[in-house]
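The values are calculated or read from the model by the stated rules, or taken from the named source; none is laboratory data. Nothing here was measured: the structure is a model prediction, and the numbers come from that model. Here the Cβ positions follow ideal geometry from the backbone for every residue, glycine too, while neighbour counts run over all protein chains shown.
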């Protein structure tokens with residue numbers, strides 16, 4: 001699965017679950033997601049026209065476009081240029097390239113200053129920047145297999161400091177785990193970069209009939225546990241990636257909508273990952289789920 005993510009230039013979570021997969025009926029949908037929750041979409045092209053096209057099909061107002069830097073080398077991270085759009089960029093930024101490690105970041109901060117300049121010049125001075133996403137898993141070269149919490153924190157802080165120093169930058173930074181992945185190199189909290197370096201505390205959530213919705217909520221990096229951690233740090237939470245996982249499961253859509261729409265969870269933004277390469281989450285391939293999405297999230 002990790003190889004497919006590289007091909008898709010995307011971050012895909014480990015398999016996670018829902019009540020329907022365990023035979024538990026989903027609750028009735030909650031009211032529509034609050035207007036204060038910014039909704040984004042990921043499509044494989046990462047192009048604004050395709051995002052807006054999917055938004056029209058789903059009858060939603062989309063505010064964000066999810067995109068990813070290419071992590072094949074240090075230089076490709078810095079060479080990313082945002083597409084022209086009025087949508088806000090939700091950008092996942094490789095902490096280090098394939099074959100690299102977070103401990104090497106301090107020697108390559110020019111890459112991140114270059115990236116920040118590209119974003120400012122490209123009209124994305126307010127981009128949400130998700131550095132080293134899904135750090136709690138082992139999918140990426142900044143995962144727990146490649147670093148210590150102290151090294152990850154040092155790298156995260158250095159990147160934030162470098163990008164903030166670029167003239168005109170007004171970025172917001174997201175620290176995002178993978179729902180259900182228990183860090184193998186230390187505690188979840190040990191990898192937190194600190195309130196001064198983080199604006200949103202996020203997690204990525206995908207569907208899996210082998211797990212329960214309670215596990216999705218309360219597990220390490222789960223939805224509810226992330227919301228609680230964010231509240232403890234006086235931050236809003238985010239769900240930068242969520243989606244189906246190879247099956248038509250409208251109850252999962254309903255459950256996710258209910259969580260996002262609940263103001264107690266303070267979800268600042270979310271982004272549905274509509275893709276049939278990295279994971280099979282293309283919402284247009286699952287008619288019952290698409291209908292649930294339209295019903296729940298229409299604007």
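Go through the residues of region 14-24 one by one and say whether even a single one is within 18 Å of the chain's Cα centre (by Cα), within 23 Å of residue 137 (Cβ to Cβ) and either loosely packed, with under 15 Cβ neighbours inside 10 Å or at pLDDT 95 or above (or both). Let's see the steps before the verdict.
If we filter region 14-24 for residues that are within 18 Å of the chain's Cα centre (by Cα), which is where we start, we get 14-17.
From what is left, the residues that are within 23 Å of residue 137 (Cβ to Cβ) are 14-17.
Now drop any that are not either loosely packed, with under 15 Cβ neighbours inside 10 Å or at pLDDT 95 or above (or both), which leaves none.
Scanning region 14-24, I find no residue that is within 18 Å of the chain's Cα centre (by Cα), within 23 Å of residue 137 (Cβ to Cβ) and either loosely packed, with under 15 Cβ neighbours inside 10 Å or at pLDDT 95 or above (or both), so the answer is no.
Of all residues in region 85-100, how many are at pLDDT 95 or above and over 21 Å from the mean Cα position of the chain (by Cα)? Looking only at that region, the number is 1.
Find the strands (runs of 3 or more DSSP E) located wholly in region 133-243 whose residues include 2 or more that are in contact with a strand residue (DSSP E or B) (Cβ under 6 Å, 6 or more places away or on another chain) and more than 23 Å from residue 258 (Cα to Cα), and list them. Don't jump to the end; show me each part of the working.
Values: elements: 172-178, 200-206, 236-243.
In region 133-243, the matching strands (runs of 3 or more DSSP E) lie at 172-178.
In region 94-103 there is at least one residue that is in contact (Cβ under 8 Å) with a residue 40 or more places away in the chain, out of contact with any helix residue (DSSP H, G or I) (no Cβ under 9 Å at 6 or more places or on another chain), more than 26 Å from residue 269 (Cα to Cα) and surrounded by fewer than 24 Cβ atoms within 10 Å (Cβ to Cβ).
Could you list, in sequence order, all residues of region 258-285 that are out of contact with any strand residue (DSSP E or B) (no Cβ under 7 Å at 6 or more places or on another chain) and surrounded by 22 or more Cβ atoms within 10 Å (Cβ to Cβ)?
Of the residues in region 258-285, the ones out of contact with any strand residue (DSSP E or B) (no Cβ under 7 Å at 6 or more places or on another chain) are 258-259, 261-264, 276-278, 280, 282, 284-285.
Once the filter is applied, which keeps residues that are out of contact with any strand residue (DSSP E or B) (no Cβ under 7 Å at 6 or more places or on another chain) and surrounded by 22 or more Cβ atoms within 10 Å (Cβ to Cβ), region 258-285 yields 259, 278.
In the list 210, 219, which residue meets the criterion of being more than 23 Å from residue 129 (Cβ to Cβ) and surrounded by fewer than 17 Cβ atoms within 10 Å (Cβ to Cβ)? It would help to see each step written out before you state the result.
Values: 219 fails: surrounded by fewer than 17 Cβ atoms within 10 Å (Cβ to Cβ).
Of 210, 219, the one residue that is more than 23 Å from residue 129 (Cβ to Cβ) and surrounded by fewer than 17 Cβ atoms within 10 Å (Cβ to Cβ) is 210.
Checking each residue of region 110-122 against the condition of being assigned to a loop (DSSP other than H, G, I, E, B) and over 20 Å from residue 204 (Cβ atoms) gives at least one match.
The condition (being surrounded by fewer than 24 Cβ atoms within 10 Å (Cβ to Cβ), farther than 23 Å from residue 279 by Cβ and at pLDDT below 95) is satisfied by just one residue among 194, 186: 186.
Filter region 244-257 for residues that are out of contact with any strand residue (DSSP E or B) (no Cβ under 7 Å at 6 or more places or on another chain) and part of a loop (DSSP other than H, G, I, E, B); which is nearest to residue 39 (Cα to Cα)? Explain how you work it out, then say what you get.
Keep residues of region 244-257 that are out of contact with any strand residue (DSSP E or B) (no Cβ under 7 Å at 6 or more places or on another chain), which gives 244, 246-255, 257.
Cutting the leftovers down to part of a loop (DSSP other than H, G, I, E, B) gives us 244, 246-249.
Numbers: 244: 17, 246: 22, 247: 23, 248: 21, 249: 20 Å.
Checking each candidate, the answer is 244.
Checking the conditions here, which among 58, 119, 65, 115 is at pLDDT 95 or above, touching a helix residue (DSSP H, G or I) at 6+ places or on another chain (Cβ under 6 Å) and farther than 30 Å from residue 209 by Cα?
So the residue among 58, 119, 65, 115 that is at pLDDT 95 or above, touching a helix residue (DSSP H, G or I) at 6+ places or on another chain (Cβ under 6 Å) and farther than 30 Å from residue 209 by Cα is 115.
For beta carbons closer than 7 Å, sequence separation of 6+ or different chains, a first residue in region 180-204 that is at positive phi and touching a residue at least 60 places away in the same chain (Cβ under 8 Å) and a second that is surrounded by 13 or more Cβ atoms within 10 Å (Cβ to Cβ) and part of a loop (DSSP other than H, G, I, E, B), the qualifying pairs are 180/14; 180/16; 180/219; 180/220; 180/221; 180/222.
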